[in-house]
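The values are calculated or read from the model by the stated rules, or taken from the named source; none is laboratory data. In this text the structure is predicted, and so the values were computed from the model without any measurement. When we count neighbours, we look across all protein chains shown, and the Cβ atoms used for this are built from the backbone with ideal geometry, even at glycine. For the accessible areas, the whole protein counts, side chains as well, though only heavy atoms, and no ligand, DNA or RNA atoms are used. Shrake-Rupley method; radii C 1.70, N 1.55, O 1.52, S 1.80 Å.
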Amino acid sequence: MSKFVIEGGAKLKGKVNIGGFKNAAVAIIPATLLCPGKCIIQNVPKINDVYVFEEILTELGAKVDLLEDMSLSIDASEVNDCYLKNGLSKKMRASYYLLGAGLGRFKKASTLLPGGCAIGTRPIDQHIKGFEALGATVNITSEGRINVQATKLVGTRIYLDVVSVGATINIMLAAIYAEGKTIIENAAKEPHIVDTANFLNSMGADVKGAGTDVIRINGVKELKGCTYKVIPDQIEAGTYMIAAAATKGDIIIDDIIPKHMEPVTAKLKEMGMGIEEYGDSMRIFYEKDLVPVNIQTLPYPGFPTDLQQPMTVLLSTLKGNSTVVEGVSEDRFRYVEELLKMGANIKYSKRQAKIKGITHLKGSVVQATDLRAGAALIIAGLIGDGLTEITEIQHIDRGYEKLENKFMNLGAKIKRVIDEE
Ligand code: EPZ
């Protein structure tokens, strides 16, 4: 097992390049299963969730190669079904996209129920509702295997009761070859919904309206291979922006789409951070004492739930009171227990945290309870007095590329230590 050891106190300075968006890549990679041809996916992040998908697609019979420019070449021509025998699907949440992609191409798919971050119950009833509306039958066995199958899929109108990123993408995947028109209402609008739709259209699909709450899919007869570049990771970028604010730093974030950062930019500006936007980069710099703000996470374009945890750390060291309301995930404040060990003054329930700012967090031994909690604890370590040790960092490796190198390049004192025990 590895851990991160961080010596707090460094102000972040310099430039950081942002990689491809994890949550787009983990939708686009399984979406290649829809196409009996070769797709080249560029700007794929080098993270564990992607490596698991490479393994899954290979297991299913696809030819997966890492090219010299680090693009991923995936040829799913020889894949004949989407029955995943082993438990790889339990390693992450996004494995549920195998169901939509498999149903779309082969009219059936079967995996074990998905795993992923422990941030609440995370049902998939809206995915199932969409598959059933298209004509599929879905059954979940007592062993936790989910089977979907259809004799034919027919386009229809599907209203999502909950705005769900995963259900929106999964229904898009399942509907690509369905007869006629599928309309998804109350669809999620996140940038990776648009990115996945753009990828599908590059293969020859007919998806319109992604990025709005109504998505229309006209079923097509065939898809062809294509080359596609994944958008930058807005959550990775937001993590470094918040880290810059917390450490009173001055950094350039490069290779991003500033528009996607607006919910974060707006809040950091409200707190008093200096922000300059350029074409595909931003400068984030500390100018004066920051003031606390209230945050409510919401589906895009609201403040992202995936940055709630880093933002709570920042707020915990600002003079004054603030409230963070979690409007997306069911139970995403468990990591606060770790912040309390570092001296934070936070009262929390499943959906809300009330923060009284303190001037200093103290270095401690803490545990990354999930991916973004891990990122938040790194920020806590960067501003904590003395040494902080973060254990269970496999959660962080699922979603952040070269995290310690990027932080070290910005002047942070962070190292990965391999624990012999
Ligand atoms: C995606 O999860 C992301 N994961 C999450 O990122 C992110 O936190 C989340 O969207 C919200 O933005 C991936 O893209 C792989 P949802 P997903 O379906 O698709 C409820 C990270 O840190 N819901 O939009 O699982 C659900 O319980 C991860 O990178 C239902 O009730 O999220 C939640 O409260 C963590 N029924 C809300 O909707 C359903 O069928 C939003 O979930 C589906 C969801």
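Evaluate the relative contact order of region 22-229 (contact order divided by residue number), counting alpha-carbon pairs under 8 angstrom at least 6 apart; express in whole percent. Intermediate results must be reported in sequence, preceding the final value.
On the way: 486 pairs, mean separation 42.9, N = 208.
Result for region 22-229 is 21 percent.
So between Lys402 and Lys13, what do we pick up on full extension, going 0.36 nm a residue minus the alpha carbon distance? Present the calculation step by step, with values, prior to reporting the outcome.
Details: separation 389, 0.36 × 389 = 140.04 nm, distance 1.73 nm.
Gain on extension, Lys402 to Lys13, equals 138.3 nm.
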**Message:** Given Cβ point charges of +1 (Lys, Arg) and -1 (Asp, Glu) and nothing else, what value in debye, to the nearest 20, does the dipole of the chain about its Cα centre take?
**Reply:** 720
**Item:** Charge-dipole axis of region 22-229 as Lys and Arg at +1 and Asp and Glu at -1 on Cβ define it, positive-most pick from Gly180, Ser77, Pro191
**Value:** Gly180
**Fill in**
From the Cα centre of region 226-291 to that of region 314-336, the distance in Å is 20
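Place the peptides 372-378, 36-42 in order of packing, highest mean first, counting for every residue the other Cβ atoms within 10 Å and averaging per peptide.
Values: 372-378: 29.6, 36-42: 19.1.
The densest-packed peptide leads the list: 372-378, 36-42.
Given R₀ = 30 Å, FRET efficiency for Asp280-Ser2 by Cβ-Cβ distance, to 0.05?
On the way: r = 33 Å, r/R0 = 1.09.
Approximately 0.40, to the nearest 0.05.
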**Prompt:** Dipole size in debye (nearest 20) for region 22-229 around its Cα centre, Lys and Arg Cβ +1, Asp and Glu Cβ -1?
**Reply:** 320
**Complete:** In nanometres, the difference between 0.36 nm per residue of separation and the alpha-carbon distance of Thr58 and Leu298 is 82.8 nm
**Prompt:** Which GluC sites (Glu not before Pro) from region 307-368 combine a DSSP loop assignment with at most 13 other Cβ atoms within 10 Å?
**Reply:** Glu330
**Message:** Between Glu270 and Glu68, what is the label-point separation in nm under the 7 Å Cα-to-beta-carbon projection?
**Reply:** 5.0
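Only helical DSSP H runs with n ≥ 4 go in: add -39500 (n - 2.57) per run for the chain, normalise by residue count and round the 222 nm mean residue ellipticity to 500 deg cm²/dmol.
Working: 13 runs with 126 residues, N = 421.
Mean residue ellipticity, 222 nm, calculated: -8500 deg cm²/dmol.
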**Asked** Given N residues in the chain, what is Rg(Cα) / (2.2 N^0.38 Å)?
**Response** 0.98
**Item:** In region 273-337, the trypsin sites (Lys or Arg not before Pro) that fall in loop regions by DSSP, at most 11 other Cβ within 10 Å
**Value:** Lys288
**Item:** Extended-chain gain in nm, criterion 0.36 nm per residue less alpha-carbon gap, Val325 and Lys347
**Value:** 6.7 nm
**Asked** In degrees between 0 and 90, to the nearest 10, how far off the longest principal axis of the chain does helix 371-383 point, with axes built from Cα atoms?
**Response** 20
**Message:** Using a 7 Å offset from Cα along Cα-Cβ at Lys85, what residues in region 28-61 end up with backbone N under 13 Å from the label point?
**Reply:** 59-61
**Fill in**
Place a point 7 Å from the Cα of Asp161 in the direction of its beta carbon; the residues of region 180-204 whose amide N falls under 16 Å from it are 185-187
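Arrange the peptides 271-277, 385-391, 227-233 so that the one whose residues have, on average, the most other Cβ atoms within 10 Å appears first.
Details: 271-277: 16.1, 385-391: 19.0, 227-233: 21.7.
The packing order, highest mean first, is 227-233, 385-391, 271-277.
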**Prompt:** Per residue, how much accessible area does the chain show when a 1.4 Å probe rolls over the protein heavy atoms, in square angstrom?
**Reply:** 39
